[in-house]
Amino acid sequence: MPRTLAEWFHLSPGRSSFKPNVQRDRQSVFCHESQINGEIVMSIERRFAAGQTVKMVLYGDWGVGKTHSINHVSWWFEQNSKDFPAKTILVELGDITSKSRFDQLVGPFLERIGLRELIKLVHGYQGATGKHVVADLKSKGVSGDVAEAFGKLLLASPEETPPPAVVTSFDFLRGIRSKESANIGLGEPLAQSDDFYSVLLACGLLVRAVEGRQLIFVADEAAKLEDIDNDDATRRHWIAANRAIFDDNNDVFGFVYTLSGKGEKNMPTVISDAQIISRLGSSNLIELQNLDPTDVTTFLGKLRDAFVDKAAVEAAVSSGEINAKEYDWTRYPFTDDGWREFLDYWNMNQEQAKPREICDKLDDVGFRAMKDDLKLIGPDSLRKAKM
C-alpha cells in the first residue's frame, strides 16, 4: 500500500495533507487574524450598530485566503447569532462573458436558498405580516413582476411537490426565459437590473420578517467580472445593480464581493466605479495582503497545531522513529536547517507568500522527504522541490 502524508507525518484523523478545507476549517483562523478580527468584524459590528446592512468588498491576490476568510465570517455569524442575527448565502461566481447579466448571480443565489425554502418563507411571510404577499412586497419597493412571481409560490404547500406553475415562477425569478411564464400571468422575462435587485430585495424581506435575520449574499471570485468591462451595455447593467445594492436605501439585505487582484486599480469597473465605491465607503473595502515573514511563521505554527497529532509525533520520537536530536515540536515537521530555509524562501519571494502557495510547497517538500525515508524535512527535500 502506498505511503501517505497523513501517516508519515502523523496527521490528525481525517487529515490527508497540510491544506485547510474552507468548510471543515471555517471556524479556524490560520492567518490574517488581525484583519479578520479587526477590519472585517469591526465593519460588521459598526454597520449593525448603525442599523445598516453588511456591505463589503474583500480583495487580494489569488490564493491569499479570501474564500477561507469569508467562510469564517459565516461561521462567526452562527456563533454570534444573538447579537448579530444574519443568514449568509455564499456562491462562487460562475463563467462570465462580456454579455453576462446580473442573473448570473441571482440564479445561483436562489438555487442555494432552494425552492422549497422559498415556499416556506413566502407562507411564513404571509403569516408573520398578516398582509397580502404581492401587495406588501410591492409597497416595499419590489417590482411588480417579481412580486407576482413570489406570490405564486403560495400555490405550493411546503410539504408537497411544487406544481408546474410554482416551478415556472422560480425559474422566472432566476432569469430563465420560458414561454410558460407568460401562460401563468407573469410579464416578460427579467432583464433589467432593478428587477434582479428586486429579487434579492424580496428574499431579504422574507428572511427578515420570518426569521428576524439579515440576509447577506456573498459573491466569491468576482474578479471574473472583468470581462464585462468589454461591453458598454452590460457594464452599465451591472453598475446599476451594484449601485442599488450598495446604496444606503438598501437597508434590507447585505452583500459581499470577494475578488482576486492586486490593488484597487485592478478591480473590475462594475465594482470599482466611483459611484459604487462612494456608496460602499473606504472602511468596507478591505485588502488581504501576502504574508510577511512573521505571518508565515505564525501560519505554519497554526497549521501544525491544528493538523498534527502531537502525542503520536512524540511517541515516534520516544521510539526512535524520529531522531530526537533533530526534533523540535515548534519546527515540526522540519529539521532546524529545513525550517530556517523554508522561511527564508518566503522572505525572499514574498510575492508568492500566500496560504495556498505555502500549503502546496509544504505538501511537496513533505512528499520529497517521505520518498527519501526522512521523517523530518531538511534542506535536501527543499532542493528537490525546487526551493
Subject >> Answer label, with Rg/Rh (Cα atoms, Kirkwood Rh) calculated from the coordinates and candidates (i) 0.95; (ii) 0.98; (iii) 1.07 >> reply: (iii)
Original post:
What 222 nm value per residue comes from the helices of the chain, counting each DSSP H run with n ≥ 4 as -39,500 (n - 2.57) and dividing by all residues, nearest 500 deg cm²/dmol?
Top reply: -14500 deg cm²/dmol
Subject >> Euclidean distance between Cα centres, segment 339-376 to segment 200-233, Å >> reply: 38 Å
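Just want to confirm a number: the relative contact order over the chain, from Cα pairs under 8 angstrom separated by 6+ residues, in percent. Write out the running numbers ahead of the final one.
Working: 565 pairs, mean separation 95.2, N = 387.
Across the chain, relative contact order equals 25 percent.
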**OP:** May I ask for the net charge around L173, where only other residues with Cβ less than 12 Å from the Cβ of L173 are counted and Lys, Arg are +1 while Asp, Glu are -1?
**Re:** -4
Original post:
If you average 1/r over every pair of different alpha-carbon atoms in segment 93-213 and take one over that average, what Kirkwood value in Å do you get?
Top reply: 14.4 Å
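Counting DSSP beta bridges in the chain, what percent are antiparallel, to the nearest 5?
If I count the DSSP bridges inside the chain, around 5 percent turn out antiparallel.
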Subject >> Separation of the E117 and D229 label points, Cα + 7 Å toward Cβ, nm >> reply: 3.4 nm
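In the neighborhood of A240, defined by Cβ-to-Cβ distances under 13 Å, what is the net charge if each Lys or Arg adds +1 and each Asp or Glu adds -1?
Within the 13 Å Cβ shell, the charges total 0.
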**OP:** Report the local net charge at Y332: Lys and Arg +1, Asp and Glu -1, summed over other residues whose C-beta lies under 9 Å from its C-beta.
**Re:** +2
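Every read-out reported here was derived from the displayed coordinates using simple, explicitly stated rules and does not represent laboratory data. No experiment lies behind these values; they were computed from the predicted model shown. Quick reminder, even Gly has a Cβ in these numbers, built from the backbone with ideal geometry, and neighbours come from all protein chains shown.
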